[in-house]
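**Student:** Quick one: the structure is below, questions incoming.
The values are calculated or read from the model by the stated rules, or taken from the named source; none is laboratory data. Because the structure is predicted, anything quoted here is derived from the model rather than measured. Heads up, the Cβs are rebuilt from the backbone with ideal geometry, glycines too, and the neighbour counts pull from every protein chain shown. The protein model used for the area step is the full one, side chains on, heavy atoms only, and it has no ligands, DNA or RNA in it. Shrake-Rupley method; radii C 1.70, N 1.55, O 1.52, S 1.80 Å.
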Amino acid sequence: MQMKTTSALCALAISILAGCATSGDEAPKTAPPPVAPAPAPAVAKAPAPIDSTIAWRQGKEQDLAEARSLASKAQSMKIPVVVKTGRAQKRDEAYNKTEQLDAVKNVTLRPLALDKIGKNDKIWAEVIRQIGKHAAQANVHEPQQILVSVTKGTKARVTQWINEGVTSANNGQSPEIQVFETTQTKDAAVFYQPQDQKQFLN
């Protein structure tokens, strides 16, 4: 009887040890990975103000370069085209600054050779067309005006050449054109300029 009891106890001990060994072989349990918090909603940033003086300066510089090129070509053909410059100023309130630079105040063709215009001289016709074209190109950057002072006999032809020049720019721009009749040959002239002459300090 004692021997049976001893055998039973041994069997129970073996069973317990086997159970302990099985439990020790199990993979250790790990904590679940932390959940990242949801990102905060993006806050839209207000767009930075545009520095309006940059485009203004670039336009002025381009117009001046083109006007000087026109005058140089005309003068090489003995046509009296002159570029007058002035100190232009622009204030940008957003950036609290003021810009200044030398810019085209006007481009003038004076005096007009009325006899050559009357004879439909090709060189004079082309230069007057170029004045109309350059005024239309400058009109992209700011409103321009073309002023024509001619005698009654040359009015129609000069006006036609100006309009042909404006059209040849092919940019849809229409500078303001004012035509005046004069009886004085010395007052006959064609020129273009920015409409805003108050921007010039001199």
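**Student:** Which ones in the range 62-89 are assigned to a helix (DSSP H, G or I), exposed (fewer than 14 other Cβ atoms within 10 Å of the Cβ) and not hydrophobic (A, V, I, L, M, F, W, C)?
**Tutor:** Ser69, Ser72, Gln75, Ser76
**Student:** Restricting to the range 90-106, what's the tally of residues that are under 14 Å from Glu142 (Cβ atoms) and open to solvent by 80 Å² or more (accessible area, probe 1.4 Å)?
**Tutor:** 0
**Student:** While we're here: Just to verify a result, which residue in the range 79-115, among those that are among the aliphatic types (A, V, I, L, M), at pLDDT 95 or above and within 20 Å of the chain's Cα centre (by Cα), is nearest to Ile128 (Cα to Cα)?
**Tutor:** For the range 79-115, the residue satisfying everything is Val104.
**Student:** Answer yes or no: is there a residue in the range 41-59 that is among the polar types (S, T, N, Q), over 26 Å from the mean Cα position of the chain (by Cα) and modelled with pLDDT of 95 or more.
**Tutor:** Scanning the range 41-59, I find no residue that is among the polar types (S, T, N, Q), over 26 Å from the mean Cα position of the chain (by Cα) and modelled with pLDDT of 95 or more, so the answer is no.
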